[in-house]
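**Q** Submitted below is the structure of interest, expressed as structure tokens.
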């Protein structure tokens, strides 16, 4: 999937891509569709990594692109489009996580039984599934930082631009997110005992 | 245990986990769906008006008011902390009040579910923002740190006293027709597109929005939002027959129930709305003195109307034309404070019995053409009265029982008070040369090149300064 997105993006030269974004910002729907085609895989991948399921990822991606279309005229520099769109995607994920948190709050039963036997911690660390469940315990900001850094391999400056925070703050938050993931992993193990 | 986890929680393990979570191509229908939705969504314009009509009209008023600063100060009849409560010369007897709700016709009940919350698009997170060229419609200072600024295009929110701002980017279909700020976290935005109208609501300071779609067109582009609290309020629309179609909500805009058709008494015209109420204009717009008419007010979005008596002023003839200025204040225990004007003076009145009898609190001379836009702010028991005549600000710390004047800078603005001492106002700068006779130059406008300035006071209006300075 990553390769497919990269190939699509590579077929669109930087100059014509800027032209496409400018045209889309003037209301050209066809140009916007081409922009969507180059960014859809990446945006969906980011959303799915943050949210963890197809349905929410589809909703977040869809909402993000519609919002991007609506507000594209406000984007002055087409070169900033990627970071701008990424921010919208992350915000869409935030919104869905908030909604999901509210729903979860309603549905949880007080007698929820977490008494399953847990595997040894050493086994859990190598267990992607357990790590993924630990990741689900993190808030939207921590998930976003880890996804942009460890999955998208974006430079710190780019992630900072996407999240609208200074690079120094990002470094601190990245370390904090990793620490939170470690604690969540411990908690996930405890919850399964 | 934790060190063991840290040691084994490698970059590779995290990446492997994230790749597994992200695995899978987007659904094939996603791109066409986005394209279809984009065709239905209107793009927001990039440029915002630098000198909006709102500002131009307001600026003209301010210019007129500025020329009369001297005269308005001289005529004020209040000094220091003196009790301003003066009984009305002709109190209205309680028996004269005939409060009867207007008939309303219920239409089949329809619960309109809220749409899926739309994505929050924060375009400028915590960034300084210059509102001088914005087409604003009001500042809302909620606490010393939290405030909103409403522009024609968006809602901005600050949590650090105005040093930085976040564009909360409320979702909307079509032009934004009205916005309502309720408290630090709650705001509503109405927009209309074709035969439907969308009401967006946020209850977390604009971090997220939900949208309810109502199957009604905003005739004349008018959507009337009235909220008494974050949860209870109404959205009203003009119908072709000049009646009002009222949707009420009791869950903060998540759902709207039973559209009701409100019959406006005498088929009069709406005069204004604010502070959770609407009132009818039986004065200037219809060129009718209101002494013999009722003061019609509605607190349910125009579904029903209650009749009260208009206050009677000693300084104006019974048959003389006069009208309400500013926004009446109505407390839950029957207290009403409102201002009326005849063009020469503006009088502030208080009723403690739900409009049966009135006391005239003060009368302030108005500039030629009449005083405009008297405004109020309620914070529990702290009430503030000001107008654009440049007169001293009046404050009350006992819910309108007693008032005192504050002498200081004569700001002509529509103010918003977080407390009796801390307030914001938008101050309009005129591009025209200063008129002869102006006592002092405008200390805030830079060569009259700015459209407006957001000013702050922290001493109850005695002095003002540009926000952030």
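**Q** Order of A:34-47, B:158-171, B:29-42 by packing, highest average Cβ count within 10 Å first?
**A** A:34-47, B:158-171, B:29-42
**Q** Suppose R0 equals 45 Å; then what is the FRET efficiency for residue B:254 and residue B:318 from their Cβ-Cβ distance, rounded to the nearest 0.05?
**A** Taking R0 as 45 Å, the efficiency between residue B:254 and residue B:318 is 0.40.
**Q** Say a paramagnetic label sat at a point 7 Å from the Cα of residue B:222, along Cα to Cβ; which residues of segment B:146-178 have their backbone N under 16 Å from it?
**A** The answer is B:177-178.
**Q** Where in segment B:158-186 does the amide nitrogen come within less than 20 Å of the point 7 Å from the Cα of residue B:152, taken along Cα to Cβ?
**A** B:167-181
**Q** Here's something else I'd like to know. Give the calculated FRET efficiency between residue B:159 and residue B:231 to the nearest 0.05, with a Förster radius of 22 Å applied to their Cβ-Cβ distance.
**A** That gives a FRET efficiency of 0.45.
**Q** Still on this structure, please answer the following. Can you pull the one-decimal nm distance between simple spin-label points at residue B:239 and residue B:213, each 7 Å off the Cα toward Cβ?
**A** Modelled inter-label distance: 2.4 nm.
**Q** Is any residue of segment B:145-161 close enough, with backbone N under 14 Å, to a label point placed 7 angstrom from the Cα of residue B:137 along the Cα-Cβ axis, and if so, which?
**A** Within reach of a label on residue B:137: B:149-156.
**Q** Inside 10 Å of the C-beta atoms of B:310-323, what's the mean count of C-beta atoms belonging to other chains?
**A** 0
**Q** Go from 0 up to the bin containing the longest alpha carbon distance in segment A:7-96, width 10 Å each, and give me the % of pairs per bin.
**A** Here the calculated profile for segment A:7-96 is 18, 52, 27, 3.
**Q** At residue B:196 and residue B:29, where each label point lies 7 Å from the Cα along Cα→Cβ, what is the point-to-point distance in nanometres?
**A** Between residue B:196 and residue B:29, the simple spin-label model gives 1.7 nm.
**Q** To continue, here is another question. Once the cut-off is 15 Å, how many percent of the Cα-Cα pairs in segment B:186-263 end up in the long-distance tail?
**A** Result: 51 percent of Cα pairs exceed 15 Å.
**Q** To the nearest whole number, what is the average tally of beta carbon atoms from other chains within 10 Å of the beta carbons of peptide B:9-15?
**A** Partner Cβ neighbours, averaged per residue: 5.
**Q** Looking only at other chains, what is the average number of their beta-carbon atoms within 10 angstrom of each beta-carbon in A:49-55?
**A** Partner Cβ neighbours, averaged per residue: 3.
None of the figures in this text is laboratory data; all of them are computed from the coordinates on show. Model, not experiment: these values are computed from the prediction. When we count neighbours, we look across all protein chains shown, and the Cβ atoms used for this are built from the backbone with ideal geometry, even at glycine.
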